[in-house]
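Scroll down for the structure; my scribbles are underneath it.
The values are calculated or read from the model by the stated rules, or taken from the named source; none is laboratory data. In this text the structure is predicted, and so the values were computed from the model without any measurement. With ideal geometry, Cβ positions are generated from the backbone for all residues, glycine too; neighbour counts draw on all protein chains shown. Quick note on the areas: whole protein, heavy atoms, side chains included, nothing else; ligands and nucleic acids left out. Shrake-Rupley method; radii C 1.70, N 1.55, O 1.52, S 1.80 Å.
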Amino acid sequence: MVAIYIDHLYKSFTFSRGWGKHRKQTNVVAVDRISLNIPCGQAIAFIGPNGAGKSTTIKMLTGILHPTAGKAMVLGYVPWKDRQSLARRIGVVFGQRSQLWYHLPPRDTLELLARIYDLEPKVFRQRRDSLVERFGLNEFWSTPVRKLSLGQRMRAEVAASLLHEPQILFLDEPTIGLDVLAQQKLRNLICEWNQQEGTTVFLTSHDTGDIERVAQRVVVINHGQIMLDAPVSELRSRYLNEKILSVKFHTPIYEFPTLQGVRQLEVMDFGLKLEINTRLIPIEQVISQILQIGSVADVAIEDPPLDAVIAHIYNQPASEGLSL
Amino acid sequence: MKSLHKYGWIAWTSARSNMAYLGEVVARTLFLVLILYIFLQLWRVTYSETQAQQLGGFTLPQMLWYLCVTESLAISAPRIAQDVDQDVRTGALTVQLVRPISYPMYRLWSSMGERGVRFGFNFAVSAVLALFFVGTIPMSIGGCLLFLLVLPIAFILDFLVMFLIGLGAFWLEDTSGLVLIYSRLLWLLGGLMIPLELFPESWQGILHNLPFALVIYAPARLFVHPSISDTLALLMRQGVALLMLTLCVQWVYGLAIQRIHSNGG
């Protein structure tokens, strides 16, 4: 079953400047005829640089914005026509905006949300207890939100958005500003929820750690268009034709020959770090060259960091779609 | 019924959240005590200089009780326009729009909870002050009930105007100027410091029919001079203002919501 269906969704904004005869209108295309299908239960990372059209897309999918053209269905609803009905079936977390009452403990916000979503008292108690246990909210359950750490607050935010058992969870930069441990904890919780409860996760983030840990699929949007739609597992290995080769030697090396498709990233007395373009030169050929210049103690072949892959995709011009 | 329960709970949560601002509540109350004391002295001098038992139909104790209500009403006003303005500018509005509730209703009930707490606290303190300096005035349970009938409508009317100003953030760079103008008009023309009876007669006909009077003057006067016929007339005028302002908010909100742009994140 399809959770989110998008067909040639298009949104442009018109800005007016000046008065009378000098009034000028500028049309800015935010989302440019994107099409996408997301099956139920999938965790998707929807990423792109600032101003790429992510927020506009999310706002259309949650019913806040009307598109200029195109179609979209979220759980069978047309979001901008059935916003309130859809709101009962989706959860939304904005990393930079809180839904918790600042001066009250998380407990009180959950009590209020239970009323907003019309939960039966018994159902509410069961869900609340389950969320408190799974998200470890007990330690700060009765502490006013203003006294919580950012990590604790974000756990409470996500738990609050799951209270009404949404079928889709929209997460907008949920780990922004969190320390490494808090990030890991939150990612694990989201991942568990996706896998165990089957909740569809629609994640936007600039943090590649979120994408790798939480998402199964990544969609890159830039200039309002989808640049890439691929499984996260294949993103690095298949998209970039580059490998990072690190070598350690038993004895000092003095020179490494210049080869087409090989870039020396680091040269030390007992080591070498190379970037190899596998389209131009087979990796075996580089290794055989290395074996000739010294006695090798250790070799490691790595994919480039995901950050580099994503940066490369962001740099593509609008007209060049990418596919795997 | 479910909706009422939902919005009632929003008011309750807002009221409890505002208990946390104890420092601000105390500061406002101290300011209220100071203002009331100054007005008491001014009116004492006025009454003694004019040798009048009544001014505009108010004795000195009635005048102080009138001021207790008007000042408590004015000082208890929540920052509705500023909050709506911030919601629009920061994009926080989106948090409310992805829930199965109406944003204007959410703001209304939230402000009712906040104002209920603030007004209750302010009025309790000012009543102690009035009792200490001028004693009681003739009051009845029925009179208090009539006052409690028109008071929430006064709160709602004030909310609607402030909400409209806040929505101005969709079109204007800054709405703080409008907030300032409205609050000063409310204070000057709404009978905050002087009952409308003491304004020039030619003004009174206009002032009585402006929405400012329905928010401050009319409820305070009813508290001091309770009357069923006055209450009915007031309810009628409040009802008309409520209807017009609600239609206006509905129309402006409909236009505003179409202007939501993607404010990042």
Some residue of the range B:39-57 being among the acidic types (Asp, Glu) and touching a residue at least 60 places away in the same chain (Cβ under 8 Å): no
Scan of the range A:148-172 for residues that are within 12 Å of chain B (Cβ to nearest Cβ) and out of contact with any strand residue (DSSP E or B) (no Cβ under 6 Å at 6 or more places or on another chain), ordered by number: A:160, A:163, A:164
Enumeration of residues in the range A:135-150 that are in a helix (DSSP H, G or I) and open to solvent by less than 40 Å² (accessible area, probe 1.4 Å): A:140, A:145
Considering residues of the range A:84-122 that are within 9 Å of chain B (Cβ to nearest Cβ) and of a type in the set (Asp, Glu) only, the residue surrounded by the fewest Cβ atoms within 10 Å (Cβ to Cβ): A:118
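State the number of residues belonging to the range A:149-184 that are under 18 Å from residue A:199 (Cβ atoms) and of a type outside the set (S, T, N, Q).
Within the range A:149-184, residues that are under 18 Å from residue A:199 (Cβ atoms) and of a type outside the set (S, T, N, Q) number 18.
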Residue count, the range B:150-191 (criterion: touching a Ser or Thr at 6+ places or on another chain (Cβ under 6 Å) and at pLDDT 95 or above): 2
Extreme residue, farthest from residue A:166 (Cα to Cα), among residues of the range A:35-51 that are in a strand (DSSP E or B) and away from chain B (no Cβ under 14 Å): A:35
From B:70, B:94, residue being of a type in the set (S, T, N, Q), open to solvent by less than 30 Å² (accessible area, probe 1.4 Å), part of a helix (DSSP H, G or I) and within 14 Å of chain A (Cβ to nearest Cβ): B:94
Search result, residues across the range A:13-51 that are open to solvent by less than 60 Å² (accessible area, probe 1.4 Å), within 18 Å of residue A:201 (Cβ to Cβ) and polar (S, T, N, Q): A:42
Some residue of the range A:123-130 being surrounded by 14 or more Cβ atoms within 10 Å (Cβ to Cβ) and at the interface with chain B (Cβ under 8 Å from one of its Cβ atoms): no
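Anything in the range A:61-83 that is facing another protein chain (nearest Cβ under 8 Å) and more than 19 Å from residue A:162 (Cβ to Cβ)? List them, or say none.
Taking the range A:61-83 and keeping what is facing another protein chain (nearest Cβ under 8 Å), we get A:62-66, A:83.
A:63, A:64, A:65, A:66, A:83 - these are the residues of the range A:61-83 that are facing another protein chain (nearest Cβ under 8 Å) and more than 19 Å from residue A:162 (Cβ to Cβ).
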Residue satisfying condition, being over 16 Å from the mean Cα position of the chain (by Cα) and open to solvent by 70 Å² or more (accessible area, probe 1.4 Å), within set A:197, A:157: A:197
Meets criteria (buried (at least 22 other Cβ atoms within 10 Å of the Cβ), more than 8 Å from chain B (Cβ to nearest Cβ), charged (D, E, K, R) and under 20 Å from residue A:35 (Cα atoms)) for residue A:54: yes
